[in-house]
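The values are calculated or read from the model by the stated rules, or taken from the named source; none is laboratory data. These figures come from a predicted structure and were not determined experimentally. All Cβ positions, glycine included, derive from the backbone under ideal geometry; neighbour counts span all protein chains shown.
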Amino acid sequence: MGTTRNFRVWRGDADGGDLHDFQVEVNEGEVVLDIIHRLQATQTPDLACRWNCKAGKCGSCSMEINGMPRLSCMTRMSTFTADETVTITPLRTFPVIRDLVTDVSYNYLKARETPAFAPPAELAPGEYRMRQVDVERSQEFRKCIECFLCQNTCHVIRDHDENKPPFSGPRYFIRAAELDMHPLDSRSDRKEYAQASMGLGLCNITKCCTEVCPEHIKITDNAIIPMKERVVDRRFDPLVWLGRKIFRRDQLAETGPDPLIGTLPPPEAADGEPSPQRARRGPQAPAIDADGHMAITELTFENQGAGSPFGDDVRFPLPPDEINYHHPVRGETGRTPPEAIADAVRDEPHP
């Protein structure tokens, strides 16, 4: 025997609407979608509601229940107290079509704008091979059922319609992260594209998208924050930026002289002797292969890259009297002439 419970359901369309009160019988074990179906069968046969699987896997029955974005088929009535009025409203971020049905076409437009998986050019379909360890990080994002609850709760577009054109939202940030972490995806600009064209910088990581995800995907911690960190490393950390220019030239378009170090002189002069400018540069970067990659032995060798100017058997921090790296000779004007810096780097003794 069920009990009678109080419900308030939004009825209306794009021109407006209002909340209507209903009293509906609730049985043990039922979910909110069961109540909506009972309302359609007994009191309001014209109540519009989108649903499909009733198993939490299609994402169709997204709505707001007591102000919280939820799947109605996964929200049990036992969640609420017996005297509590359950308020059911459509997703607030998207335009209302009718009653509880909203126009979520915004999300499909953003899906079409997101660059698709780019398979390796040298492999034909059926030749792709991956190990489980290679896809463990990105596999979590494949659980997304596209319920768009994360899109609905994201305040960047929930409260600001003007942000919708430049902002793709958390659902497509995890798509970008998934492809960026995919071992066979051949595009190397996923992070840059997310920053420049998907509005990644507008996200201020409040984690509200993670809180409403019915698949418990850690959208913020495992996708958005790593993507933001990679963008920051790539764009603003000068050491990482310079390291990528040296070790991973294949990932960056060569558009002219390096903006940080300029055009380097050739490694050898015309007579075959080392260039004077090269001789003054101090420790050299490790060699790279024909594809622009650093040899794996450079990563595994005990002393990667060039030798330390402090020596190999040194514990840090160094005492001030033992630091002898880059002691330029100051001129009479108090400034350090460039040639003096180069001579100091070349001539100073190393332990």
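Things to note:
- Selection from region 4-16 of residues that are on the phi < 0 side of the Ramachandran plot and either surrounded by 14 or more Cβ atoms within 10 Å (Cβ to Cβ) or under 36 Å from the mean Cα position of the chain (by Cα) (or both): R5, N6, F7, R8, V9, W10, R11, D13, A14
- Complete set of residues in region 21-45 that are in contact (Cβ under 8 Å) with a residue 24 or more places away in the chain, of a type outside the set (A, V, I, L, M, F, W, C) and within 14 Å of D99 (Cβ to Cβ): T44
- For region 28-41, a residue qualifies if it is on the phi < 0 side of the Ramachandran plot and at pLDDT below 95, and exactly one does: E28.
- Flag if C53 is outside the structural domain of K143 (by TED's automatic domain parsing) and part of a helix (DSSP H, G or I): no
- Pairs, first assigned to a helix (DSSP H, G or I) in region 203-215, second charged (D, E, K, R), C-beta under 8 Å, six or more apart: T210/K218; T210/D221; V212/R70
- Among the residues making up region 1-59, those that are among the basic types (K, R) and within 23 Å of P95 (Cα to Cα) are R8, R11, R50.
- Neighbours by Cβ (under 7 Å, 6+ apart or cross-chain): first from region 75-97, on the phi < 0 side of the Ramachandran plot and among the charged types (D, E, K, R); second at pLDDT below 95 and not in a loop (DSSP other than H, G, I, E, B): R92/R158
- Test: residue in region 77-92 that is surrounded by 12 or more Cβ atoms within 10 Å (Cβ to Cβ) and under 30 Å from L184 (Cα atoms): no
- Candidates N27, N52, N107, N66, filtered to the one that is in contact with a Phe, Trp or Tyr (Cβ under 7 Å, 6 or more places away or on another chain) and polar (S, T, N, Q): N107
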